[in-house]
Amino acid sequence: MGGFLRWIALLGLCAAQGALAQGWPSKPVKIIVPFTPGSGTDIIARTVTEKLSPQLGQPIVIENRPGAGGTIGGAIVAKSEPDGYTLFVHSSSYTVTPSTYKDLPYDTLRDLTGVMPLGLLPNVLVMAPSKGIRSVKELVAAAKAKPGALNSASVGVGSATHLNAERFRLGAGIDTVNIPFKGSPEALTEIVTGRVDYYFCPVNAVLPLLKDGKLVALAVGSSKRSQALPDLPTTLEAGVPNSDYNFWVGMFAPAKTPKETINRLYRETAKALHSGDVREKMARLGAEPMEYSPEAFNAYIRDEIASNAALVKAAGIKIE
């Protein structure tokens, strides 16, 4: 009899969750972005939600909570109610923090779940024209001539921009120094002035600066060429083995969010991404499609956490 009652209770709980999910959303949705306004992750989040909001029939509010490699924002979402009203848009550095933070305030795999990637945003290796370096070969030669003299910018230790630089440093066999900044705008200011030597920056942020001649692009840091800069070689093509790093942006939710809500959010987000105006805006940003279901995205995340752990160990990356 007790088992029967538990079964009835379980059915009631499932029915209640289904009804709740069907009514979602009935109020504004908040999306936490753990980077500064104007960063690649922030711009992609705003581009997609501009279309997603009218589809859902509710306002979507972006809240920027930068700092600590995205873990401040991640902790907020992980500890929020799993009702679909607090979401998370993060970059591929999400899969790095389990290896770089000893006391992570949440479990990356247990407390949060992937909804879908919003796009692949290739990093571009850029320098100031005043440096007089015009190719990857010249940069590597300069770094080897003066070990430890050159430096690279990133948006924080363990960030996607840092990981890309470390992959490049290890592949090229050079000794350079990482200088972390709060966000891409601050890092780019130092690169343009020449106070910092080079930067693997998301393509959307550098396109205007390349057009104006304020920066020189040497290569793309991802596994394949960028559609926005099709004539620019990858660092692999430029002769640096094992130097590729794919910078993606994705959407997450608290792990116990009802599956019906996750599935609807996935369908509506995919619909927004496939709309003509969003595709056009994403193309202008240099963002490229990366279509995974929630299940496939979570599997990808698990694999990347393992591969990044190996990279972090090889590069000796530590969060002080």
Original post:
Restricting the search to segment 248-280, which residues are within 19 Å of the chain's Cα centre (by Cα) and without any contact (Cβ under 8 Å) to a residue 60 or more places away in the chain?
Top reply: Arg279
**OP:** Pick out the one residue from Ser99, Ser91 that is under 28 Å from Leu207 (Cβ atoms) and modelled with pLDDT of 85 or more.
**Re:** Ser91
Original post:
When Leu13 is evaluated against the numbered criteria (1) over 18 Å from Thr257 (Cβ atoms); (2) open to solvent by 40 Å² or more (accessible area, probe 1.4 Å); (3) modelled with pLDDT under 85, which criterion, by number, is the only one it fails?
Top reply: (1)
Subject >> Residue list for segment 281-300, restricted to those being assigned to a helix (DSSP H, G or I), in contact (Cβ under 8 Å) with a residue 12 or more places away in the chain and open to solvent by less than 50 Å² (accessible area, probe 1.4 Å) >> reply: Met282, Leu285, Pro294, Phe297, Asn298
Original post:
Just for segment 42-72: of the residues that are within 14 Å of Trp24 (Cα to Cα) and in a helix (DSSP H, G or I), which one is most open to solvent (accessible area, probe 1.4 Å)?
Top reply: Pro54
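The values are calculated or read from the model by the stated rules, or taken from the named source; none is laboratory data. What you see is a predicted model; the values in this text were computed from it and never measured. Neighbour counts are summed over all protein chains in view; Cβ atoms, including those assigned to glycine, are modelled from backbone coordinates with ideal geometry. Areas reflect the complete protein model, heavy atoms only, side chains present, ligands, DNA and RNA absent. Shrake-Rupley method; radii C 1.70, N 1.55, O 1.52, S 1.80 Å.
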